[in-house]
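The values are calculated or read from the model by the stated rules, or taken from the named source; none is laboratory data. It should be emphasised that the depicted structure is a prediction, and the values quoted were computed from it without experimental measurement. For neighbour counting, all protein chains shown are included, and Cβ atoms are generated from backbone atoms with ideal geometry for every residue, glycine included. Side chains are part of the model used for accessible areas, which takes the heavy atoms of the whole protein and leaves out ligands, DNA and RNA. Shrake-Rupley method; radii C 1.70, N 1.55, O 1.52, S 1.80 Å.
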Amino acid sequence: MKNQGRSLTGSIYIFGFCGLSIVYGFLFLSKTFETPGRLSFALGLLIRIVLIFSTPIFEDDWARYLWDGWISFEKGSPYGITPESFFGELDPTRTEILSRINHPDWPTIYGPVLEIYFYLVHILFPWKLWALKLFLLVPDILLFFLIRTKYGTRASSLYFWNPILIKEIFLNSHPDIIGIFLLFYSFYLAEKSRFRLGFFIWGLSIAVKGFGVFLFPFIFKLYWDKIRNWKRIGIDITFSILGIILAYFPFLLFSKETDFTALSRFIGSFTFFPLGYNILHDLFGEFSRTFWALPAILSILFFLNKRYSSDLEEEERIGITFFLFFYFSPVVNAWYLLWMFPFLLKESKVFWPSWVFLFLGQLSYLNYANLGDWKSVLEKGYYAHPNWLLILIGLLFLPILLVWYRVRFPSKISNSLEKPSLLG
């Protein structure tokens, strides 16, 4: 009944977000973001603070975050424990949180760095959603200054005022900004030849979410280009493993379970806003689960060969790899796409189809429930999307990629057209 009576629908939300995106695009095309100023930073910070004390929209993952913090406090580890095993809880606060957790029959899928964060927040401010969001300002501001140092004032302003970032992190409380900062920082350290610390920070980013694992060949290439020493490789790379182990170690003291148990189930069975994955599924059925990441892996192998990818900048290669990874993924949540966002902020030669993907990802909120189609919800599930939407967005990227290629490599196209025909 609450769902049927709510005033904000998916259609109204998308309409409003399109308006915000147009304003953001206008600021991007104008010279507004080129003007350094404390006022711009202060206003961006003020918006974040207001949203910290606002209610998330179309999201309930925050309930799991709060619950995991309490479970870690009580049991030492949240892994392997299902919220449904606490059904019948008498405490009114815990009962309220329990009622909001999606998939209560599943143990948590979140990495140990996030679980440490949830635990620390619970110790300081038990069951407070605003506190869960407040401390995300730390990696957010650090990433802002890191981007400004690496790419300049305009790029840092584009980051700080991005409506998707602001909404997904500080309104909907997704803590991915912790891993995004760590991943980007690891590359920054590698470029400064601080490889051991860079590998260690990369390992910590993997212990948030595993998206950065596909970027390891790129950070390793930075290492190999500067230090061609086989004797040092084994020692230096162990720092990445050390980062992962240290993150998991506190939880292994209390439980034999980790996030891998539930995560493997999640990857193996759950589907949400699949785009290119639908194409794979139509061709290969359930076997597509075993190799949906293959296009991203092939792109990495292609980029590691200088002969074929010398025309592409580092950020372009990362943008393409992330694009292929998310496009063919069976699960595409809107905030996942933020992991590639910092790598899209370089002034020139950016893989801009990933920018388009970042914004189109907001259409993932147009599931049957948010569209108010409760009959389809009962038939196909709460998280299902209309087929026409998935097909439209999936096919839309084909002309987008073609336009990018024609704009990015006009000389190659003209050269191929000027070659004499074998029949002529």
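Quick check on my filter: what residues within segment 86-140 are in a helix (DSSP H, G or I), in contact (Cβ under 8 Å) with a residue 60 or more places away in the chain and over 13 Å from W67 (Cα atoms)?
Of everything in segment 86-140, those that are in a helix (DSSP H, G or I), in contact (Cβ under 8 Å) with a residue 60 or more places away in the chain and over 13 Å from W67 (Cα atoms) turn out to be P112, V113, W130, K133, L134, L137, D140.
Mind listing whichever residues of segment 304-354 are among the aromatic types (F, W, Y), free of Cβ contacts under 8 Å to residues at least 60 places away in the same chain and surrounded by 19 or more Cβ atoms within 10 Å (Cβ to Cβ)? Residues satisfying the conditions are F323, F326, F328, F351. Of the set (1) surrounded by 21 or more Cβ atoms within 10 Å (Cβ to Cβ); (2) of a type outside the set (A, V, I, L, M); (3) out of contact with any helix residue (DSSP H, G or I) (no Cβ under 6 Å at 6 or more places or on another chain), all apply to Y65 but (3).
Quick check on segment 146-156. Is at least one of its residues open to solvent by 40 Å² or more (accessible area, probe 1.4 Å) and within 22 Å of P250 (Cβ to Cβ)? So far as segment 146-156 goes, no, none of its residues is open to solvent by 40 Å² or more (accessible area, probe 1.4 Å) and within 22 Å of P250 (Cβ to Cβ). Against the list (1) under 27 Å from P107 (Cβ atoms); (2) more than 22 Å from the chain's Cα centre (by Cα); (3) in contact (Cβ under 8 Å) with a residue 12 or more places away in the chain, the condition F249 fails is (3).
Would you confirm whether or not segment 49-59 contains a residue that is within 20 Å of T261 (Cβ to Cβ) and either within 25 Å of the chain's Cα centre (by Cα) or at pLDDT below 95 (or both)? Scanning segment 49-59 turns up no residue that is within 20 Å of T261 (Cβ to Cβ) and either within 25 Å of the chain's Cα centre (by Cα) or at pLDDT below 95 (or both).
Note on segment 253-268: among residues that are in contact with a helix residue (DSSP H, G or I) (Cβ under 9 Å, 6 or more places away or on another chain), part of a helix (DSSP H, G or I) and surrounded by 15 or more Cβ atoms within 10 Å (Cβ to Cβ), the one that is modelled with the lowest pLDDT is I267. When each of L301, L401, L338, L392 is tested for being touching an Asp or Glu at 6+ places or on another chain (Cβ under 9 Å), among the hydrophobic types (A, V, I, L, M, F, W, C) and assigned to a helix (DSSP H, G or I), the lone residue that passes is L338.
Looking across segment 269-281, the residues that are open to solvent by 20 Å² or more (accessible area, probe 1.4 Å) and of a type outside the set (A, V, I, L, M, F, W, C) come down to S269, T271, N278, H281. So is F287 buried (at least 22 other Cβ atoms within 10 Å of the Cβ) and either in contact with a His (Cβ under 8 Å, 6 or more places away or on another chain) or not in a loop (DSSP other than H, G, I, E, B) (or both) or not? Taking the combined requirement at face value, the residue does not satisfy it. Quick check on W202: is it out of contact with any strand residue (DSSP E or B) (no Cβ under 9 Å at 6 or more places or on another chain), of a type in the set (A, V, I, L, M, F, W, C) and more than 16 Å from P330 (Cα to Cα)? Yes, satisfied. Can you find a residue that is out of contact with any Leu (no Cβ under 7 Å at 6 or more places or on another chain), within 28 Å of L371 (Cα to Cα) and without any contact (Cβ under 8 Å) to a residue 40 or more places away in the chain anywhere in segment 58-67? Yes, segment 58-67 contains a residue that is out of contact with any Leu (no Cβ under 7 Å at 6 or more places or on another chain), within 28 Å of L371 (Cα to Cα) and without any contact (Cβ under 8 Å) to a residue 40 or more places away in the chain. For segment 103-110, the criterion of being surrounded by 13 or more Cβ atoms within 10 Å (Cβ to Cβ), under 21 Å from the mean Cα position of the chain (by Cα) and within 24 Å of L358 (Cβ to Cβ) is met by at least one residue.
Of all residues in segment 355-391, exactly one satisfies the criterion of being under 22 Å from A296 (Cα atoms) and open to solvent by 70 Å² or more (accessible area, probe 1.4 Å), namely I391.
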